[in-house]
Each structure stands twice: as C-alpha cells, then as structure tokens.
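> Questions regarding the structure given below will be posed in turn.
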Amino acid sequence: MALSNRPVAGLGLSLALLLAGALQAASLAWPVDLPPSLAWLGLVQGQALWLLQSLALASLVVFLRTSASWRVAAWRGWLFVTAWLAGTFGWLFTSMHTFGGLAAPLAVLAVITLAGLLALYYAAAAGVFRWLAPNHPVWAALVFAALWLLAELARGVLWTGFGWGAIGYAHLSGPLAGLLPWVGLYGVSFVAALLAAGLALGWLAALGARWGEAWRPVLLLGLLFLPSWLPDPQGGSAGTLDVTLLQGNIPQNEKFDSATGVLRALTWYGEQLQQNRSPLIITPETALPLLPEQLPDGYWQALQQRFAVGDQAALVGVPLGSFSAGYTNSVVGFKPGQAAPWQYDKHHLVPFGEFIPPFFRWFTDLMAIPLGDFNRGALPQPSFDWQGQRLAATICYENLFSEELAKQFLDKASAPTILFNVSNLGWFGDSLAMDQHLQIARLRALEFDRPFLLATNTGRTAIVDHRARITHAATPHTATALHGTVQGRTGVTPYAGWLARWGLWPLLLLALGLLLPAWWMRPDRMKLGL
C-alpha cells in the first residue's frame, strides 16, 4: 500500500503528522484540565499517558513504512518530531518573551528552530528506516526501535544533551514502568518504540490482508508483561528523615531586583531558616540570589552560626565564586560539627542560561535575562551526610541525566540513600514544565530505587518516595514550607549498577548490533545478490 503524494494529499498528511506529534507531546503530561463531565476519559492534567504515546508513534511508523522514498520518510519524521518537541518544551517561549523581553515572533521562531534542529536526529533515523528496514515485520520493528534509540541517545548526549521529553517518560505509570530499575529511561524508550512499530506493522499487514504477517508483530505486545516476569530489584530501608522543603514563590520578574525580589527572598528564606525546627531544611535553586559577599552584613555568618550547633542542618541554593574567579550555581550544606560548609556545584549547565555557546552571544544579547558563563562543578561530587542519610544533589535540569547521577552508585557502600533537586521553574510561568519536571524526578526514583525531594521556587515542590508516589506536595505559586518524612534506601538497582560502570554504551551497542545485520541484508543489496 502506498499513500498518495499529490499536493492536497500531501498537505493532509503533513497536518496528520503534526497532529500525531502534538499528541505524543501531550502523552508526556496531559496539558488540558478537562471539565468534571469528561472525567470518565481519565485524562488528568499533568498525567503521563503511555497508550496515547504508543498510538501516536505507531501512526508515524505507518507513514514511514508507506513513504515513497527515504527522502519522503525523512521529511515526515522531521515534521512529526518537530511538532512533538515544540509541544513538549513550548514553555521556553515564556522565559524568552515574558521574562527575557524577546519579541514574541522571535521567541516562537527560537522554540521551533530548536525543535527543528533536534528533530534532524530523528529525520535521519526515519530516512534510514525507510531505506534499511527488511520486509519481515518483526525484524522491521526491531530496526525502527534501534534507530529511534540512537536518535534519543544523540539528542540526550550530544552538544551537552537535551533529552527533555523522551518517550520513556510517558510510560512512568504504564506497564513498562517495571523495566526502569533494569534498563532505565532509554531502555524503556527502546521497548516503547518496538511496541509502537509492532502495532503499526501488524495493522498494515492486516490492512493488506497479509494475515500470515499480521499476527507476528502483534506478539510484541507480550513485552507489556515483561516487567511482571522480572524479580523485584529493590534494596532495603535506610531509616527515615524529617525534612522541610521551602518554596518562596518569588515572582520571576522581581527575582533579581534588589528593591523587591531580592529583599523579599532574603527576608522570607532568612526567617524560615532561622525559625523552622525540622532536622533538615532545603531551599530552592538560588534562593539567596546574591554571592555571600554581597549579602547584608552578618547574614551569611548568622546562617553558619544557626546550624553550627544543635541537631538541625540546611541545604541552601546560592551562587558562589567571585568576579575574578567566576561563579558556580551551587548548594551549600550547613550542619553541626563541620570544619567548612558542604558544597555542591552544578555540573551540567544550561546552554544560553548558564553558558553561552560559541557564536551565539548575539542571541543572548537580545534578551534582558541575567545570563552568564558559569564554572562547571566536578563529577561526581560527595553526598551530604546527615543523620544516617547520604543526600545526592542535582540542580535544575540536571535530574535529566541519570548517566551522570549513576556515577555516585559505583561504590555500593557510599551510594546515596536520598536524591534531591533544587530548581527555579519560575522562568516558565504556570506551564507544563512543572508537571514534566515532577515526572522526571518520579522516573529517576524508579530507576535508582530512591526517594526524590524537589525544592522549587514556584512549584512543584514535592516529596516522592522510591515507588514514584507523591507523598507530600506544595500548592504551586504559594509561599510554603512543606513538611514531610522521607525513607532513605540502600542497595543498587541493576540499572544503576551497569550504568555506573559502562554508561550508556550497552544501549548504543544494542542498537548497532541490531542495525548491522539489517544493513548487510538490506533489500537493495539482496536484489543485487551481494
């Protein structure tokens, strides 16, 4: 079967591809708060929808398999993925336009351009799939999954990586979630792509009345039951810790204004840190938006003295450094009996936000955001030890990169018992960025069998247990001190074990191992008798 390439049909197909890509974006965190009368649909705002993701990607496979050439397939893949990625991180518009002062048309263009550039990985995968995929539907599904995996890895690793919105996040609450402690996000993305391709190729075979072929790829649906066949890889309890997560809700348009946001932050967080009686208090990223030497006289010293004795500790987000040596985006830990404060410096910096890529100074100069070139922290860095727990830090979108976090699990005896992230999502307003950030933390909790603490400026501040359940959550856009108890965990999941030793290489070798035989047996080569 071949779909028409006439202009009218081509326009319809392009719109269908854009719609399918938008639905895949929606599957990561449902964007619409539906009225109560539609509650029977089960579509809850912010929820991940694994079935919608599978169907959206299956539609792409149908379009690729029926493309007239590899060039047409590449174009179709690019359209689908551009819509998916633009829909996934469209909230970047808010940071660039609302808070950065970039003209709305330029901000829209910037989001689409970023999505389009990242979509080139997938366009290449789509073109190669059309050229390389064998006729056997199961083998073709494996080839598609391998190519999709390569594209996901390239997007998540190359040029510092930006894997936000990988399809594995849609399966956080689905039947494949049980695979996360074994193969992680990208492994689940591979299986999800395999399932979508199996659905599509089985449907195409049935549509063509090729019943002998139709049932084979459908057998891949058995992978949905794979997690139930695997043993539970969980470790043990490391005891509990009472914590308070602070959410100051400092308006982003005032955050760096010395007369408004800075004064408000120093006052509110200062009072909370002085008066709260929890064993551990955690603030968001840059809760104190000034270098220690810029703080009011005695402010920094008072914090150190506050936690120098007693049975309380604090983790405070603050920039460190100097005008001459440069700056770091950091978390400082105060606790009794330490010679010097514990310090974590952000390693994985945000392009354009914390470092300016070569040749792009002109772009950042168009915005009124206080940007700069920060220094990178080392990798790995020691955990913060407190009351029998080892807390591993990430800042902002660093919790995307499980391959970096896994380095702290190389030694089982010193592996973290609790993960925490401090962020400021105020840059993105009241958008899906908050829901997606929470989904990322929940997925990391399953990968590593660890609870995850999220302390944010505007939301979503939350405590997530090692089963990815949200046990405590603060109301977004309110100044809140969220109190709760978290249970630390011991042990190392299979995924954390092999990722700490070998990184993402096993997944890369899996993809290449599937593609090399397909390349050797590709249809054009077989026709030539080679």
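The values are calculated or read from the model by the stated rules, or taken from the named source; none is laboratory data. For clarity, every value in this text was computed on a predicted model and none was experimentally measured. Don't worry about glycine lacking a Cβ; one is built from the backbone with ideal geometry, like all the others, and counts go over all protein chains shown.
> What residue, among those in segment 301-333 that are part of a helix (DSSP H, G or I) and surrounded by fewer than 20 Cβ atoms within 10 Å (Cβ to Cβ), is nearest to the chain's Cα centre (by Cα)?
Pass one, segment 301-333, residues part of a helix (DSSP H, G or I): 301-306.
Still in the running and surrounded by fewer than 20 Cβ atoms within 10 Å (Cβ to Cβ): 301-302, 304-306.
Details: GLN301: 36, ALA302: 37, GLN304: 34, GLN305: 37, ARG306: 36 Å.
Looking at the filtered set, the residue picked out is GLN304.
> Specify which of the listed residues (GLY187, GLY202, GLY163, GLY168) is buried (at least 20 other Cβ atoms within 10 Å of the Cβ) and in contact with a Pro (Cβ under 8 Å, 6 or more places away or on another chain). Step through it out loud before you land on a result.
Numbers: GLY187 fails: in contact with a Pro (Cβ under 8 Å, 6 or more places away or on another chain); GLY163 fails: in contact with a Pro (Cβ under 8 Å, 6 or more places away or on another chain); GLY168 fails: in contact with a Pro (Cβ under 8 Å, 6 or more places away or on another chain).
When all the criteria are applied, what remains is GLY202.
> Which one of LEU516, LEU509 is over 26 Å from PRO231 (Cβ atoms), surrounded by fewer than 18 Cβ atoms within 10 Å (Cβ to Cβ) and outside the structural domain of GLU254 (by TED's automatic domain parsing)? So that I can check it myself, show each step before the final result.
Working: LEU509 fails: over 26 Å from PRO231 (Cβ atoms).
LEU516 is the lone residue from the list that is over 26 Å from PRO231 (Cβ atoms), surrounded by fewer than 18 Cβ atoms within 10 Å (Cβ to Cβ) and outside the structural domain of GLU254 (by TED's automatic domain parsing).
> Consider segment 115-144. How many of its residues are crowded, with 20+ Cβ neighbours inside 10 Å and in a helix (DSSP H, G or I)? Spell out how you get there, then give the answer.
Taking segment 115-144 as the starting set, the residues that turn out to be crowded, with 20+ Cβ neighbours inside 10 Å are 115, 118-119, 121-123, 125-130, 132-133, 137, 140-144.
Okay, now just the ones that are also in a helix (DSSP H, G or I), so 115, 118-119, 121-123, 125-130, 132, 137, 140-144.
Matching residues across segment 115-144 total 19.
> Would you check if SER258 is assigned by TED's automatic domain parsing to the domain that holds LEU246, polar (S, T, N, Q) and over 22 Å from GLN338 (Cβ atoms)?
Working: assigned by TED's automatic domain parsing to the domain that holds LEU246: yes; polar (S, T, N, Q): yes; over 22 Å from GLN338 (Cβ atoms): yes.
So SER258 fits the description; yes.
> Any idea which residue in segment 39-48 is farthest from ALA433 (Cα to Cα), counting only those that are among the hydrophobic types (A, V, I, L, M, F, W, C) and surrounded by fewer than 23 Cβ atoms within 10 Å (Cβ to Cβ)?
First pass over segment 39-48, keeping only residues among the hydrophobic types (A, V, I, L, M, F, W, C): 39-41, 43-44, 48.
With the extra rule that they be surrounded by fewer than 23 Cβ atoms within 10 Å (Cβ to Cβ), the set shrinks to 39-41, 43-44.
Numbers: ALA39: 23, TRP40: 26, LEU41: 23, LEU43: 18, VAL44: 16 Å.
For segment 39-48, the residue satisfying everything is TRP40.
> Which of (1) over 27 Å from GLY388 (Cα atoms); (2) out of contact with any Leu (no Cβ under 8 Å at 6 or more places or on another chain) does GLN274 not meet, given it meets every other one?
Among (1) over 27 Å from GLY388 (Cα atoms); (2) out of contact with any Leu (no Cβ under 8 Å at 6 or more places or on another chain), GLN274 violates only (1).
> Additional query: Looking only at segment 367-374, decide whether some residue is at pLDDT below 95, under 29 Å from LEU102 (Cβ atoms) and in a helix (DSSP H, G or I). Reasoning before the result, please.
Going through segment 367-374, the residues at pLDDT below 95 turn out to be 367-374.
If we keep only those that are under 29 Å from LEU102 (Cβ atoms) as well, we get 367-374.
Narrowing further to those that are in a helix (DSSP H, G or I): none.
No, segment 367-374 contains no residue that is at pLDDT below 95, under 29 Å from LEU102 (Cβ atoms) and in a helix (DSSP H, G or I).
> Here's something else I'd like to know. Which residue, of GLY127, GLY161, GLY184, is at negative phi and of a type in the set (Gly, Ala, Ser)?
On the way: GLY161 fails: at negative phi; GLY184 fails: at negative phi.
After applying the criteria, what remains is GLY127.
> With the requirement that a residue be out of contact with any Cys (no Cβ under 9 Å at 6 or more places or on another chain) and part of a loop (DSSP other than H, G, I, E, B), what does segment 273-293 give you? Let's see the steps before the verdict.
First, the residues of segment 273-293 that are out of contact with any Cys (no Cβ under 9 Å at 6 or more places or on another chain): 273-284, 286-293.
Result: ASN276, ARG277, SER278, PRO279, THR283, PRO284, THR286, ALA287, LEU288, PRO289, LEU290, LEU291.
> Does LEU147 satisfy being touching a Leu at 6+ places or on another chain (Cβ under 8 Å) and either crowded, with 19+ Cβ neighbours inside 10 Å or without any contact (Cβ under 8 Å) to a residue 24 or more places away in the chain (or both)?
Details: touching a Leu at 6+ places or on another chain (Cβ under 8 Å): yes; either crowded, with 19+ Cβ neighbours inside 10 Å or without any contact (Cβ under 8 Å) to a residue 24 or more places away in the chain (or both): yes.
Judged against the criteria, LEU147 is a match.
> Identify, please: which residue in segment 375-400 is at pLDDT 95 or above and of a type in the set (Phe, Trp, Tyr) and is, among those, nearest to the chain's Cα centre (by Cα)?
Only one residue fits best here, namely PHE384.
> Restricting to segment 411-429, name every residue that is touching a Ser or Thr at 6+ places or on another chain (Cβ under 6 Å) and not in a loop (DSSP other than H, G, I, E, B).
ASN421, SER423, LEU425, GLY426, TRP427, PHE428
Here is a yes/no grid of residues against (1) modelled with pLDDT under 90; (2) buried (at least 16 other Cβ atoms within 10 Å of the Cβ); (3) not in a helix (DSSP H, G or I):
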residue: SER37; (1), (2), (3): yes, no, no
residue: GLN53; (1), (2), (3): no, yes, no
residue: ALA56; (1), (2), (3): no, yes, no
residue: SER67; (1), (2), (3): no, yes, yes
residue: VAL72; (1), (2), (3): no, yes, no
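> Among the candidates PRO517, PRO476, which residue alone is part of a loop (DSSP other than H, G, I, E, B) and not polar (S, T, N, Q)?
Working: PRO517 fails: part of a loop (DSSP other than H, G, I, E, B).
On inspection, the qualifying residue turns out to be PRO476.
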